[in-house]
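Take a look at the structure below.
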There are 2 protein chains.
Amino acid sequence: MTRPLTHTDTTDVRYAARASYDRDVAYAILDEAPLAHVGFESGGRPVVIPMLHARLDDRLYLHGSPATRLMRTTKPGVPVCVTVTLLDGLVLARSAMNHSANYRSVVMFGETSPVTSIVERRTVLDAYTDKILPGRRSHLRPMTDKEVRATAMISIPIEEASVKMRTGGPVDDDDDYRLPIWAGVLPTPTGYREPLPDPRNHPGLEVPEHVQALVR
Amino acid sequence: MTRPLTHTDTTDVRYAARASYDRDVAYAILDEAPLAHVGFESGGRPVVIPMLHARLDDRLYLHGSPATRLMRTTKPGVPVCVTVTLLDGLVLARSAMNHSANYRSVVMFGETSPVTSIVERRTVLDAYTDKILPGRRSHLRPMTDKEVRATAMISIPIEEASVKMRTGGPVDDDDDYRLPIWAGVLPTPTGYREPLPDPRNHPGLEVPEHVQALVR
């Protein structure tokens, strides 16, 4: 059994039924969504920056140019909030009030640690490619040490986090069900559209299997 | 000519070419993406919460149950950072290092004002429906005063904000172009999938035109 996530008591009463502190549920959401929104304090005010992330075991990793704002403020122990949200659909009800969205989100709190080891950084960078583009890494030349050194990286332990989600169809007021209004869910799309090849690809180079597999 | 957005000098040198302070560019991104990530301080640390938003003129509006965390802390003048990100595609290069993402994001800073007027709140709630689901509002019964009163709402002036974006194909190191590796862009999907009707819809109710229009 995996350890549950910890959390402080900030859950809304209204949405309590949608909350979870199950580590496996949180990890499934983190692994499905490459985009994270990272919040931290900078210059005395909150800042939220979109970043790609990768999870390895019980840590979440963020990387970027050493010039980026979060990487610049990266002394150890910077408090951050990392939020990952999957919008699964729009929920169309019979009244405007009961319109909603289906979503799954993880909100996690932690303090950053710089990843200084070149070996660890390389492992994590390889994991990024494997998570976002499974099967691609073996098609690429290995990263050079210079490239790994040029990439700033921080990690955050996944300990204090909560999942919130909404699934299912609309829930209307009793009286509204007699209205002849179409209600239902508009699901958001998944996967990717047809790949656009780079004009500088070698002639005759076909879209490889690992890319085609990502197109729905 | 629209007034440009203001900004403090926190732009990364590396990404300067991708930045914009054009109000029209920012508004197009805000209007396309219903999901915002809202950062604020709570209990001495940063918190980032996903919320739906709507822009009206030069203000951004957020609403929710009065029980939600941000609405609870809503005395006037709470500093927030609202970030909206559209992930447009994954950029597959010939080296792991040059992999990237195409995206458009707005990062805006401001202080919250509670929207106390019931009239203003109703106007904004109608605008939410119009933005996210164009054409739907006229199909619904009007919101009751009780419903409008039960909805907490804050607004933030859109003044200090910046746009960042990346578009186009991969940019590889000169030497890597001789490698026979497929490179290109995997575009993310747009629109919605086929609507799922609520089992309690009246028999024979067809998917209305305003819903079908959102399906790609």
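Bear in mind these aren't lab numbers, they're just calculated from the coordinates by the rules spelled out. Bear in mind the structure is a predicted one, so any value in this text is a computation, not a measurement. Methodologically, a virtual Cβ is constructed for each residue, glycine included, from the backbone with ideal geometry; neighbour enumeration extends over all protein chains shown.
Å³ per residue of the Cα convex hull, for region A:28-112?
119
For Cα pairs less than 8 Å apart in space and 6+ apart in sequence, what is the mean separation divided by the residue count of region A:23-153, i.e. the relative contact order in percent?
Contact order relative to length: 25 percent.
Helix A:23-32 versus the longest principal axis of chain A: what is the Cα-based angle in degrees, 0 to 90, to the nearest 10?
Approximately 70 degrees, to the nearest ten.
Quote the FRET efficiency, to the nearest 0.05, computed for residue A:24 versus residue B:65 with a Förster distance R0 of 25 Å and r equal to the Cβ-Cβ distance. Spell out each step's value before the answer.
On the way: r = 28 Å, r/R0 = 1.13.
The calculated FRET efficiency here is 0.30.
Just going by the charge dipole of the protein assembly as shown, with Lys and Arg at +1 and Asp and Glu at -1 on Cβ, which of A:91, A:110, A:170 is farthest out on the positive end?
Positive-end residue among those listed: A:110.
Determine, from the Cβ-Cβ distance of residue A:150 and residue B:138 and an R0 of 51 Å, the FRET efficiency 1/(1 + (r/R0)^6), rounded to the nearest 0.05.
In this case the efficiency is close to 0.40.
Please work out whether region A:128-171 counts as rounded, prolate or oblate from its C-alpha gyration tensor, where a ≥ b ≥ c are the square roots of the eigenvalues and a/c under 1.5 means rounded, while otherwise a/b larger than b/c means prolate and anything else oblate?
It comes out oblate by the Cα gyration axes.
Using C-alpha positions alone, give me the convex hull volume of the protein assembly as shown per residue in cubic angstrom. Working shown, then result.
Numbers: hull volume 72.2 nm³, N = 432.
Dividing the Cα hull volume of the protein assembly as shown by its residues yields 167 Å³.
Go through region A:80-89 residue by residue and turn each phi into a ³J(HN,Hα) via Karplus (6.51, -1.76, 1.60, θ = phi - 60°); whole Hz please, and just put x for glycine and proline.
In residue order, the calculated couplings are 10, 10, 10, 10, 10, 10, 10, 8, 8, x Hz.
Between copies, how close do the residue B:171 label points come, placed 7 Å along Cα→Cβ, listed in nm from shortest?
4.9
With unit charges on the beta carbons (Lys and Arg positive, Asp and Glu negative) and the dipole taken about the Cα centre of the protein assembly as shown, which residue among A:101, A:124, A:47 sits farthest to the positive side?
Farthest along the dipole direction, towards plus: A:47.
Once phi is turned into θ = phi - 60°, what whole-Hz ³J(HN,Hα) does the Karplus curve with 6.51, -1.76 and 1.60 give for every residue of region B:167-178, x standing for Gly and Pro?
Values per residue, Gly and Pro as x: 9, x, x, x, 10, 9, 5, 3, 5, 7, 5, 7 Hz.
Can you give the three extents of the C-alpha atoms in region A:135-216 along their principal axes, from longest to shortest, in whole Å?
Extents along the principal axes: 65, 43, 18 Å.
Cα axis of helix B:118-132 to longest principal axis of chain B: angle in degrees, 0 to 90, nearest 10?
40
Pull up all non-local amide H partners of residue B:78: gap of 5 or more, or a different chain, and H-to-H distance under 5 Å with H placed in the peptide plane.
B:112
Could you tell me the extents of chain B's C-alpha atoms along the three principal axes, largest first, rounded to whole Å?
Projected onto the principal axes, the Cα atoms of chain B cover 66, 50, 40 Å.
Using the Karplus curve 6.51 cos²θ - 1.76 cosθ + 1.60 with θ = phi - 60°, work out ³J(HN,Hα) for each residue of region B:141-156 in order, rounded to whole Hz, and write x for Gly and Pro.
Taking θ as phi minus 60°, the curve returns 5, x, 5, 7, 4, 4, 5, 5, 5, 7, 9, 6, 8, 10, 10, 9 Hz for region B:141-156.
Which one of A:49, A:181, A:156 has the biggest mean-square fluctuation once chain A is modelled by GNM with Cα springs under 10 Å?
A:181
Whose amide H sits under 5 Å from the amide H of residue A:88, counting only residues 5 or more places off or on another chain, with H placed in the peptide plane?
It is A:102, A:103, A:104, by chain and number.
Which percent of Cα pairs goes in each bin when the distances of region B:73-189 are cut into 5 angstrom slices starting at zero?
Cα pair-distance distribution for region B:73-189, in percent: 2, 9, 13, 12, 13, 11, 11, 8, 7, 6, 5, 3, 1, 0.
Taking just the alpha-carbon atoms of region A:158-204, what radius of gyration and Dmax come out, in angstrom?
22.0, 64
Order of A:202, A:53, A:37, A:139 from fewest to most other C-beta atoms within 10 Å?
Going from least to most buried by this count: A:202, A:139, A:53, A:37.
Treat the count of other C-beta atoms within 10 Å as a stand-in for reagent exposure and order A:24, A:174 from fewest to most. Before the final figure, lay out the partial values.
Values: A:24 10, A:174 6.
Arranged by neighbour count, lowest to highest, A:24, A:174 become A:174, A:24.
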